[in-house]
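The values are calculated or read from the model by the stated rules, or taken from the named source; none is laboratory data. Since this is a predicted model, take the numbers as computed values, not measurements. Note that we place each Cβ from the backbone using ideal geometry, even for glycine, and neighbour counts take in every protein chain shown.
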């Protein structure tokens, strides 16, 4: 039991949104609560979950468990920002994520900020367009984060060394 608690304590969870939903029955309305939670280890792993229950704490617990089940790993540059700029979308929600120099901080809206803080990103500039729905914004952010590539993975895919890849990048900048 203690080992399980130690493992859980490494994760930081952030409540993004609570929604009260009603089911209309013969005697009136039955209220329930839906919670959206983002969980991360602040070292490059993050997940989100959705939970629904009659009571708020139970909904948050269910959402946290769902988030821990579906975590993704995101490669970070120097453990503080993304390796490259990227866009993501879900439904009508679109997000643009840009890598930023040290000291910039997290410049992002509410739901995206929660994702970046739990992921461990310290410097990023993000813009959301379209839907302001927290569920769509979080899903669009995860769509973008799933497509982030590290230089190591790109080099291995192309059969190069990372140093060769960086050298080519420098040559392209000189030509421009």
Quiz item: Do we find a residue being touching a residue at least 60 places away in the same chain (Cβ under 8 Å), in a loop (DSSP other than H, G, I, E, B) and within 29 Å of residue 162 (Cβ to Cβ) anywhere in region 140-147?
Solution: yes
Quiz item: How many residues does region 114-134 hold that are surrounded by fewer than 16 Cβ atoms within 10 Å (Cβ to Cβ), farther than 22 Å from residue 77 by Cβ and in contact with a strand residue (DSSP E or B) (Cβ under 7 Å, 6 or more places away or on another chain)?
Solution: 2
Quiz item: Could you list, in sequence order, the residues of region 135-169 that are farther than 19 Å from residue 77 by Cα and crowded, with 19+ Cβ neighbours inside 10 Å?
Solution: 135, 136, 137, 138, 139, 140
Self-check item: Answer residue from region 71-90, given it is in contact (Cβ under 8 Å) with a residue 40 or more places away in the chain and under 23 Å from residue 133 (Cβ atoms) and is surrounded by the most Cβ atoms within 10 Å (Cβ to Cβ) among those
Solution: 74
Exercise. Could you tell me which numbered condition residue 55 fails, if it satisfies all but one of (1) surrounded by fewer than 13 Cβ atoms within 10 Å (Cβ to Cβ); (2) closer than 23 Å to residue 146 by Cα; (3) touching a strand residue (DSSP E or B) at 6+ places or on another chain (Cβ under 9 Å)?
Key: (2)
Quiz item: Do we have residue 68 as outside the structural domain of residue 133 (by TED's automatic domain parsing), over 18 Å from the mean Cα position of the chain (by Cα) and surrounded by fewer than 19 Cβ atoms within 10 Å (Cβ to Cβ) here?
Solution: no
Quiz prompt | Positions within region 42-83 being in contact with a helix residue (DSSP H, G or I) (Cβ under 8 Å, 6 or more places away or on another chain) and within 23 Å of residue 22 (Cα to Cα), in sequence order | solution = 49, 50, 51, 52, 53
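Only residues that are under 14 Å from residue 17 (Cβ atoms) and touching a helix residue (DSSP H, G or I) at 6+ places or on another chain (Cβ under 6 Å): list them for region 108-150, please.
Listed by number, the residues that qualify are 111, 112, 115, 134, 137, 138, 141.
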